[in-house]
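The next block holds one structure in the form of structure tokens; read it before the comments.
The values are calculated or read from the model by the stated rules, or taken from the named source; none is laboratory data. This is a predicted model, so every value here is computed, not measured. Note that we place each Cβ from the backbone using ideal geometry, even for glycine, and neighbour counts take in every protein chain shown.
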């Protein structure tokens, strides 16, 4: 049972959304803005979210949030560039007579699918309890399932990371740094993240192809067109094969099963 609940006679709901870069927007279901401590929660003018319901089962609850981009304090560029992807949301109840942030916590959510329709946005907030419904366990395969540089992998990414600045730009998905001295293909499957310029703070994107002259071609383009001089951080990738693991002198942590017989091999008979 909750240690404290909001007064049912003056009860209102408030929602706080925090992006991965700590950008925060705050909403409250009330006709006027409310100040809670040092933070101001915007009134429901310009946005709306569906009601919340919960059960004793592990079925997750979903909130649909829709609003006008500028009125909600969320820019079109932020929404389109992925600033709000995977953001955390906190729903709580309080009293409009004495508003207090997180007075009665209701639920926590992860920002899910987001759509932009003209000057409006619509997104789905999925409750964290949905993680309980996810299947867990390992799947046996030829390639390694571990995240490159993760705890199971054990590779120190610091020794496989370089920094620099762009020397030429073709488009948002193809640019180069002539100072990259590594052989072509070294950074295939790696990731690049900008630390300055318009794309600074956006999620890292995967490198499709690293060619001579320090050229980097991505699978997906950055939201903003990079500029010459933009600083970046580039991390090598891993093909997740046993041979690739040997190049990192990390075969002891290889998690794949390349010698596992396939169904075609098992079903062969006689001299097949």
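General remarks:
- All told, residue 122 falls short of being surrounded by 12 or more Cβ atoms within 10 Å (Cβ to Cβ), outside the structural domain of residue 38 (by TED's automatic domain parsing) and at pLDDT 75 or above.
- Identity of the residue in the stretch 67-90, in a strand (DSSP E or B) and either more than 20 Å from the chain's Cα centre (by Cα) or surrounded by fewer than 17 Cβ atoms within 10 Å (Cβ to Cβ) (or both), that ends up modelled with the highest pLDDT: 88
- Cross-chain or 6+ apart pairs with Cβ under 6 Å, the stretch 16-27 first and touching a residue at least 60 places away in the same chain (Cβ under 8 Å) and in the same structural domain as residue 86 (by TED's automatic domain parsing), then buried (at least 19 other Cβ atoms within 10 Å of the Cβ) and part of a strand (DSSP E or B): 16/26; 17/25; 17/89
- Residue list for the stretch 150-161, filter: crowded, with 18+ Cβ neighbours inside 10 Å and outside any helix (DSSP H, G or I): 153, 155
- With respect to (1) modelled with pLDDT of 75 or more; (2) touching a strand residue (DSSP E or B) at 6+ places or on another chain (Cβ under 6 Å), the lone exception for residue 95 is condition (2).
- Screening residue 174 with (1) under 21 Å from the mean Cα position of the chain (by Cα); (2) surrounded by 15 or more Cβ atoms within 10 Å (Cβ to Cβ); (3) outside the structural domain of residue 80 (by TED's automatic domain parsing) gives one miss only, at (1).
- Selection status of residue 140, over 21 Å from the mean Cα position of the chain (by Cα) and either part of a strand (DSSP E or B) or under 30 Å from residue 260 (Cβ atoms) (or both): yes
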